[in-house]
Structure formats: structure tokens, C-alpha cells
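Shown next, in C-alpha cells, is the structure this report addresses.
Nothing in this text is a laboratory measurement; each read-out follows from the coordinates by a stated rule. All figures in this text were calculated on a predicted structure; none of them were measured in a lab. With ideal geometry, Cβ positions are generated from the backbone for all residues, glycine too; neighbour counts draw on all protein chains shown.
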Amino acid sequence: MLNKLFAAFRANNTEELPDPDAELALGALLVRVAKSDQDYVVEEISLIDRILARLFQHNAIEAAKIRATCEKLHDAAPETDTFAKLIRETTGLSERLAALDALWEVVLADGEPKEAELRVLESARKAMGLSFIESKAARERAIEARRQVS
């Protein structure tokens, strides 16, 4: 079913995009959160690269290439729920919690969370089948991670 949905989005796009897996779905969600406030800054881009490298054991160049693919998927992509449901259906709880942590890291990357970023994150959280309490804990972990880096 998802393949048909993505094929429909690709019909208008001459560039062939890969069928998303959990990694590409998470990357596209990270891009979607970062772009949702209309201010896609270098700090967010480099953070997405670091997250993809950390979670999926890529080197910096591989992570940047995957992020670029995720940007294209985001541009041609379906709703946030579709990516998040793909993550829910293809990963376990620990991976979904790691995805939520990563989303919070990107939301907090450029300072205070913006309303548009929070809407995307909340939609993804619900579609991944995670609770508000799990989201609150993920936010606290992301805040603590930012403190350790600073």
C-alpha cells in the first residue's frame, strides 16, 4: 500500500526516489520538523546528519547523502503521518523512542520550539503510537543532550 502511495507522489517527479524504509522515513521527518518553521538553518542540517550517522552507523558523507535523499522525499512526500506510521510498523519501541528523541533534538536545535515544529512533532508522536509522557521524557533527554554539547 505504501509503495502505491509513494509511486503516486513520484509520478510528477522525473527523479526516481527510493522506497522509504524506517531510516529514510525518520530522516524525512527530521527534515520536515526542521523546515516547518520556514527557517532551515545549517545547525539543523548538520544535526540531522549527526543523528543519521549516530542512529544508523554512517560516516559523515553517507549521512549527508541520506539527508539529501530525505530532503527530496520530504519535498515529494505524503503527510507526516505516513512516515511516522512506516516507522511504527517497521520498528520496535526502542527505535520509535530513539526517533522521538531525534525529533526533539531537531525541534530544539535553533532555540525555542516553534508552533509549526511542535505540530509536526506531535503528529509524528501520535502516528508512531507514543504517549505524551514518552514525548515529555524525550524532550528532557534532548535538553540534557544540548547541555552536554554546550
Taking every alpha carbon pair in the chain and sorting the distances into 5 angstrom bins from 0 up to the bin holding the longest one, the percent per bin comes out as 2, 10, 21, 24, 22, 14, 5, 2, 1
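What does the helix-only formula give at 222 nm for the chain: each DSSP H stretch with n ≥ 4 adding -39500 (n - 2.57), the total divided by the residues, and the result rounded to the nearest 500 deg cm²/dmol? Please report the intermediate quantities before stating the final value.
Values: 8 runs with 113 residues, N = 150.
-24500 deg cm²/dmol, from helical runs alone.
Work out the length of the dipole vector of the chain about its Cα centre, built from +1 on the beta-carbon of each Lys and Arg and -1 on the beta-carbon of each Asp and Glu, and round it to the nearest 20 debye. Can you show the working numbers first?
Numbers: 21 positive and 27 negative charges, 63 e Å.
In debye, rounded to 20, the chain gives about 300.
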One checks the Cα atoms of segment 80-149 and finds Rg and Dmax, in Å, of 11.5, 33
So what are the radius of gyration and Dmax for the Cα set of segment 17-77, in Å? 10.5, 29
